[in-house]
1. Tally up the carbon and sulfur contribution to the accessible surface of the chain as a whole percent, 1.4 Å probe, everything protein left in place.
2. Rank by packing, highest mean first: peptides 128-134, 108-114, with packing defined as the count of other Cβ atoms within 10 Å averaged across residues.
3. Quick one: if the Förster radius is 30 Å, what FRET efficiency do residue 159 and residue 420 give, using the C-beta to C-beta distance and rounding to 0.05?
4. Based only on Cα atoms, what mean projected area does the convex hull of region 1-131 have, in nm²?
5. Arranged from highest to lowest average of other beta-carbon atoms within 10 Å per residue, in what order do the peptides 308-316, 391-399, 178-186 appear?
6. Over region 97-192, what per residue volume does the convex hull of the Cα atoms give, in whole Å³?
7. So for region 358-411, what percent of the C-alpha to C-alpha distances run longer than 12 Å?
8. Give the value in nm², to one decimal: projected area of the alpha carbon convex hull of region 19-91, averaged over all directions.
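The values are calculated or read from the model by the stated rules, or taken from the named source; none is laboratory data. Just so it is clear, the model here is predicted, and its values are computed rather than measured. Heads up, the Cβs are rebuilt from the backbone with ideal geometry, glycines too, and the neighbour counts pull from every protein chain shown. Keep in mind that these areas ignore ligands, DNA and RNA; they rest on the heavy atoms of the full protein, side chains included. Shrake-Rupley method; radii C 1.70, N 1.55, O 1.52, S 1.80 Å.
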Amino acid sequence: MRESAVLEGTGSDGLLALGISHRTAPLALLERLTLSPSASPGILADIASHDEIREVVSLSTCNRTEVYLVATDFAAAGEFALAALSREAGIPPAVLLGRLHSLRGREAVRHLFRVTAGLESMAVGETEIQGQVKRAYELALREGVTGPITNRLFRGALEAGKRTRREIAPRRPPVSIASVAVGLAAHRLGELAERRAVVIGTGENGELTGRALSGHGARTVFVGNRRYDRAMALAQRFGGRAARFENLRAELIEADLAVSCTSSPHRVLERDDLAPVMEKRGSRALVLVDTAMPRDIDPAVRDLPQVVLYDMDDLRGEAARKVNGHDAGPGHSAPLIDREVERFQEWLATRDVVPAISALRDRAEATADQVLREHAASWECLSAKDRELVAVVAHAVVNQLLHEPTMRLKGVSGSAASTSYVRALRELFALDGTRDCLDHSDCRGVL
């Protein structure tokens, strides 16, 4: 079997979602496939360069790395995207393929809508994912690799995510990876009030971590380097203080816990960095929580005495424990997600079928007009009124002949057969010049 066999399917145009997540891959593999902000434009350009791929958006978070493609050939597009991801991760395609999820059409749409709503997250209902999906889409938009389908898809997903979150909110408190991380530290250390905490990273996750620690009454130090002003702003907001990265060791000597959540492509805390810190701490334990992807903290620090390290694998268990204690609401949200998916599918089907029907009618009407012109000389004896009557009869015949094909196309709109019908129609009637009614403003009345 070829490595892409699992990706094979119909050769029709459509949407393909390809990737790995915390549900399908271990942390070590997920970490290698994480796309940094600097790497994402390159992978987008690489995938978009393939002749069979029309549009692409990549999404990379601590829980998943996925690409959403609009392709004319699923097999060729999937194989090419798999190869691009494999190169990025430095992993043979066969190894990655075994952990891959591949979703097409409606299932790909539903998956993205659930992802954006936080229903596929490690911490169900987590708040960060909405912003992450938005930034992923905006990056692809800036890079010029989106198109009408992905534009509508991601805007719909973001709107569905907002609605789902509003529906869930009354039934359960908001959750984030940061709140799970702080909860895990509290589970180990007990009461965090007046504990000394260090937050390494000043991005969105750093802010969320600071808010969670502040809620527990911890005394927090925000460590930032390139954006030290941001560290100072967070310190003022949450009643802590700021420190530069070069002072991290000194801060860790005094800390009870540290949460690292940078977007660095490299580790920020190695075993050799922490060893002298632990010697100066004596017998005091240090709890470290690594919420970054790729990981910020060398897993080998676990070998050091009095060091407790939690990573994303540990956070999964804590997140599951929290969800079990609340009504997470995924079941209640399913109808809402299904409605939003159906809305997108209806738009997609209309986008596919309406231009084909419109083009067919244009071709038929033009043919009737041409035949009338060609035979005009044969009807010199007819009055102007009779000529109008002949034209009316000719176009009535056109409408009668097209009625059944039009109704059949309407009937398959939104189904798997619609693409085949449209493709056959365009081929049989040479409708290659079919115009694309993106907003259907010039196709009103066709359906």
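1. Answer for the chain is 51 percent, counting heavy atoms of protein chains only.
2. Descending packing order for the listed peptides: 108-114, 128-134.
3. The calculated FRET efficiency here is 0.45.
4. With the hull built on Cα positions only, its mean projection is 7.4 nm².
5. Descending packing order for the listed peptides: 178-186, 308-316, 391-399.
6. 144
7. 68
8. Value for region 19-91: 4.5 nm².
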